[in-house]
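Can you read through this structure? Questions will come right after.
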Amino acid sequence: MELYLMRHGIAEDAGPGQSDPTRRLTAEGIERARSILGLARQAGVKPDLILSSPYLRAVQTARLAREELSVAEQIMDFPPIAPHGNPADVWRELRAWSQYPSLMLTGHEPLFSQLAAYFLNAPTLQIDVRKASIIRIDFETLGASPRGVLRWMMVPRFTGR
């Protein structure tokens with residue numbers, strides 16, 4: 001399985017009385033996400049399915065990914081990747097989607113840096129997952145413990161943004 005972790009783009013600050021899950025992408029966040037997704041498209045990235053955190057900014061990023069990468073399937077809600085999810089829980093739930101050869105997850109920090117390290121079986125590995133970055137990790141099997149291989153990481157700076 002090819003797995004893409006995409007952190008959401010730049011989001012607005014929470015306004016008075018606004019809850020964190022309802023924060024939206026800014027215009028700059030949308031622009032940077034589109035830019036990195038354009039680069040990903042040129043690199044041949046085309047996930048079969050996108051699973052998204054239920055937080056609005058992640059859902060908006062997933063919608064951009066679906067459009068830019070021409071993903072036919074509808075975006076699926078995937079609550080385990082809310083910001084303070086647990087990597088082991090994500091892995092356990094993710095294995096249920098094994099019929100898809102290529103998946104993209106859209107979500108948040110601090111979880112995505114923890115997930116990448118966990119998926120690579122290197123729990124002390126420090127990874128700086130910038131907003132709108134995409135990480136590709138491949139798995140030969142989806143056993144009880146992840147044993148992924150890091151293929152690459154794209155950051156918005158690659159696009160000049």
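The values are calculated or read from the model by the stated rules, or taken from the named source; none is laboratory data. All values reported here derive from a predicted model rather than from experimental measurement. Here the Cβ is made from the backbone with ideal geometry for all residues, glycine too, and neighbour counts use every protein chain on show.
Report those strands (runs of 3 or more DSSP E) wholly inside segment 68-161 carrying at least 1 residues which are of a type in the set (S, T, N, Q), at pLDDT 95 or above and closer than 20 Å to ASP48 by Cα. Show your work before the answer.
Values: elements: 102-107, 134-138, 149-154.
Where strands (runs of 3 or more DSSP E) fall fully within segment 68-161 and carry at least 1 residues being of a type in the set (S, T, N, Q), at pLDDT 95 or above and closer than 20 Å to ASP48 by Cα, they are 102-107.
Next question, about the same structure. Which of the residues that make up segment 18-27 are of a type in the set (A, V, I, L, M, F, W, C) and assigned to a loop (DSSP other than H, G, I, E, B)?
First, the residues of segment 18-27 that are of a type in the set (A, V, I, L, M, F, W, C): 25, 27.
Selection gives nothing.
Counting only residues that are out of contact with any helix residue (DSSP H, G or I) (no Cβ under 6 Å at 6 or more places or on another chain) and closer than 25 Å to THR22 by Cβ, which one in segment 84-103 is surrounded by the most Cβ atoms within 10 Å (Cβ to Cβ)?
ASN86
Can you pull out every residue in segment 36-59 that is within 15 Å of the chain's Cα centre (by Cα) and more than 16 Å from VAL71 (Cβ to Cβ)?
The answer is SER53, PRO54, TYR55, LEU56, ARG57.
Would you mind finding the one in GLY38, GLY15, GLY44 that is of a type outside the set (A, V, I, L, M), assigned to a loop (DSSP other than H, G, I, E, B) and closer than 30 Å to ARG147 by Cα?
Step by step, each of GLY38, GLY15, GLY44 is checked, and only GLY44 is of a type outside the set (A, V, I, L, M), assigned to a loop (DSSP other than H, G, I, E, B) and closer than 30 Å to ARG147 by Cα.
Conditions first: (1) over 26 Å from THR26 (Cα atoms); (2) surrounded by 12 or more Cβ atoms within 10 Å (Cβ to Cβ); (3) small (Gly, Ala, Ser). GLY143 passes all but one, so which condition is the exception?
(2)
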